[in-house]
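This report refers to the structure that appears directly beneath it.
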Amino acid sequence: MRSGLGLTIAACLTLLLVWTGAARATSFRLEIGHPDGSRLPIYCYLPQQGVRSPLAAVICAVGVGGTQIPQYQVFCQALANRNFFVVLMDPSNYPEWLAPSPQSWDKGTGYCLGGINQAVVAARLLFTDEWYLESIRAVVNYLCASPIVDSQRIALSGFSQPANAALTYACRDPRIKAIVWNYGGSPWITPYDARKLPPVLIFHGTDDEVYDVKYATNLAAELGAAQRDYEVYIYPGQKHQFNMYYDMSKETPADRPVIRHSFEILISFLYRKLYYCLR
């Protein structure tokens, strides 16, 4: 009951932000209840052109501290501007104050700190992943309670480790209508049943230094054998995070052809699976 009340309050707050115009900045941060009693911070993004009817929603689940990475934030706003309600979240719910600063996450001490954070979460995942999956469920529940979200049109996009969890979660929750699997792989692939998965879009680079590209081809083979709906895009020469990372000091996403191409593939997939197929 307490959890349901919290979701209702959070959903009403979202609607109030839209009605009052407070969301004209198009993004805001909320904390929603987690089943373990903690608070889960999420970052919400709305279309800059405004909200005219309930939107399809996309959950962007990122690795430890990933919500603080500016490139993810830019990505989520660009996605929202294509007429989606987008939530950026870290399923590990790792303390935000331990995350590297936005300016240091990819170099020096910030990079080292990020590695330590990832190791801590990985160690915990060795024992159980239920707490990780419950974070995703909390966000899905929040979206389903929101009056500006069409609860029949929710996609789950996982980047790196969360891509693995997205497969497991979607097998359990029919509210997920599509998955975007961004360069996941072993270790810490959680169990899933390919026969139960909704449509899956797979992105991976041949030169990924974190997860070998073979995991993408293996997943595609499993989905094909199970006669599931899937699309796979393997980008030659690309490394981890290739579809959202760029040097913000001298580049924009438009300066990277691979980012432009993969983003339009993503939009096409989401429109076909969320807006067109469910009419």
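In the stretch 211-256, what count of residues is obtained for those that are open to solvent by 50 Å² or more (accessible area, probe 1.4 Å), assigned to a helix (DSSP H, G or I) and more than 22 Å from TYR72 (Cα to Cα)? Going through the stretch 211-256 one residue at a time, the tally reaches 7.
Picking from residues in the stretch 159-195 that are aromatic (Phe, Trp, Tyr) and over 14 Å from the mean Cα position of the chain (by Cα), the one that is nearest to ALA225 (Cα to Cα) is TYR192. Whenever a residue of the stretch 180-195 is over 12 Å from ALA216 (Cβ atoms) and at pLDDT below 80, its partners that are open to solvent by less than 50 Å² (accessible area, probe 1.4 Å) and in a loop (DSSP other than H, G, I, E, B), lying with C-beta atoms within less than 6 angstrom and at least six residues away or across chains, give the pairs THR190/ASP129. In the stretch 249-267, the qualifying residues are those that are small (Gly, Ala, Ser) and over 17 Å from the mean Cα position of the chain (by Cα), and the one that is farthest from GLY205 (Cα to Cα) is SER249. For PRO174, the conditions (1) at pLDDT 95 or above; (2) of a type outside the set (A, V, I, L, M); (3) surrounded by 14 or more Cβ atoms within 10 Å (Cβ to Cβ) are fulfilled apart from (3).
The values are calculated or read from the model by the stated rules, or taken from the named source; none is laboratory data. Bear in mind that the values here come from a model prediction, so they are computed numbers and not experimental data. Because the Cβ atoms are built from the backbone with ideal geometry, glycine has one as well, and the counts that use them run over all protein chains shown. Heads up: the accessible areas ignore ligands, DNA and RNA and are worked out on the full protein's heavy atoms, side chains in. Shrake-Rupley method; radii C 1.70, N 1.55, O 1.52, S 1.80 Å.
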